[in-house]
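Step one of this worksheet: look at the structure below.
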Amino acid sequence: SDESFIAYAAAAPNLALIKYWGKRDSRLVLPLNNSISVTLDDQLMRTVTIATASPEFAEDSVELNGKPAEVTDRMRAVLQSLRQRCQRGQDLASWKVRVATRNSFPTAAGLASSSSGLCAFAVAVARLYGIVGDGGSDSCDADTLRWLSTVARLGSGSACRSLFAGFAEWSAGQRPDGVDSTASQLASAGHWDLRVLVCVVGAGAKSAPSTQAMARTVATSSLLPARLSCLPDRLAAVREAVAGRDFASLAEMSMRDSNCLHAVCADTYPPVHYLTDASRAIIDFVHRLNEASGRVVLGYTADAGPNVCLLAQPADVHLAAGCLQRAFDIGPVVGDLGEAADNSKVPSGWAGDGSEGATARHRIESLLICRLGRGALDIPQAEAAAWFDSD
């Protein structure tokens, strides 16, 4: 239709270093605790979304990776909030929208596809309604960006953190209406040059959707209160580590919180198990490598899924990749290994498999080497169209 409006947006998933697990209000998606994350490189892991509004559309609709998808209650909540703030007139706000989304990485596999997906959804529709200008989240004033984070949160809690480049913190807030449960940037991507090595061990859907699993944890886990009591100190330590670029501290806090999350999941009744034998082998590998190296080479964290993400400093990427290839059966390696550094040599006498006479190695389907990424942004029409036309 000549009357139709169209807008584009892209977002990358974020990786939680201190994780959100459990809600104080499920409808408003209000978490029990603050969380801190890093946004990943949108050149490697990206969601692109096209939002179109027309008076000819009979209903709101969503397409995910080329297939019709359910317009969930959470998506409707996002649309309702954005329609109420439409800057281009009530006629446009009353038209139905079609939202088409495509991911460059596996969906619902524990790689935070909901964070990038619902963030791009919110930003694309916000651009459609004139709430956000060209430039995506970078074009917003502080108040609009804070408000937009509450809207993205309604779609998926972690989506509010993907609005921001680099490091972000999502505040749990205290108000029952959720107005103070907002996300903000903790440090820019340029503040600290880190790498995230995403070890993809399973690209299928995870064993239990996060929303249902965390509700079961809140209802049944006796360990959850202990985790929540540890988090204020852990959050403070991560903020301090980011500010001071203290890699050893950041890695330790990330590993401890990941371990704590999965212990709470195992304590849930019935238990929730996301990690596989391959996941646990990667975790053990990190501790062996750090011990053999006499320093913290890698940190790890695993969200609600089998895939494990490794934190590294740029000079250690060669060392990490080389040791991983000794210890695991690895598929394609995608991303920038950078230049080999003096400390890229495998520690003397380190076999990597953790056992003598091992006859089989665990499989890592692919290894993605990511820089820290940009926040949600708009993209040119030609780039979005090419993204959807590509296989």
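The values are calculated or read from the model by the stated rules, or taken from the named source; none is laboratory data. Quantities reported herein were computed from a predicted structural model and do not represent experimental measurements. Quick reminder, even Gly has a Cβ in these numbers, built from the backbone with ideal geometry, and neighbours come from all protein chains shown. The area values use the complete protein model at the heavy-atom level, side chains included, leaving out ligands, DNA and RNA. Shrake-Rupley method; radii C 1.70, N 1.55, O 1.52, S 1.80 Å.
See the values below:
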read-out	value
Candidates Ala152, Ala109, filtered to the one that is at pLDDT below 95 and surrounded by 16 or more Cβ atoms within 10 Å (Cβ to Cβ)	Ala109
Residue among Val78, Val71 that is modelled with pLDDT of 95 or more, assigned to a loop (DSSP other than H, G, I, E, B) and more than 17 Å from the chain's Cα centre (by Cα)	Val71
Pairs with Cβ under 6 Å, 6+ apart, first in the stretch 286-310 and within 15 Å of Lys19 (Cα to Cα), second aromatic (Phe, Trp, Tyr) and open to solvent by less than 30 Å² (accessible area, probe 1.4 Å)	Ala304/Tyr274; Gly305/Tyr274; Val308/Tyr300
Conditions (1) open to solvent by 10 Å² or more (accessible area, probe 1.4 Å); (2) part of a strand (DSSP E or B); (3) of a type outside the set (Lys, Arg); (4) modelled with pLDDT under 95: number failed by Asp91	(2)
For Val196: the one exception among (1) within 25 Å of Pro31 (Cβ to Cβ); (2) crowded, with 19+ Cβ neighbours inside 10 Å; (3) in contact with a His (Cβ under 8 Å, 6 or more places away or on another chain)	(3)
Qualifying positions in the stretch 155-178 - out of contact with any Pro (no Cβ under 9 Å at 6 or more places or on another chain), open to solvent by less than 10 Å² (accessible area, probe 1.4 Å) and aromatic (Phe, Trp, Tyr)	Phe167
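Okay, residues lined up against (1) assigned by the TED database to the domain that holds Asp41; (2) among the charged types (D, E, K, R); (3) under 15 Å from the mean Cα position of the chain (by Cα):
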{"residue": "Arg153", "(1), (2), (3)": "yes, yes, yes"}
{"residue": "Ser156", "(1), (2), (3)": "yes, no, yes"}
{"residue": "Glu169", "(1), (2), (3)": "yes, yes, yes"}
{"residue": "Pro176", "(1), (2), (3)": "yes, no, no"}
{"residue": "Ser181", "(1), (2), (3)": "yes, no, no"}
{"residue": "Ala187", "(1), (2), (3)": "yes, no, no"}
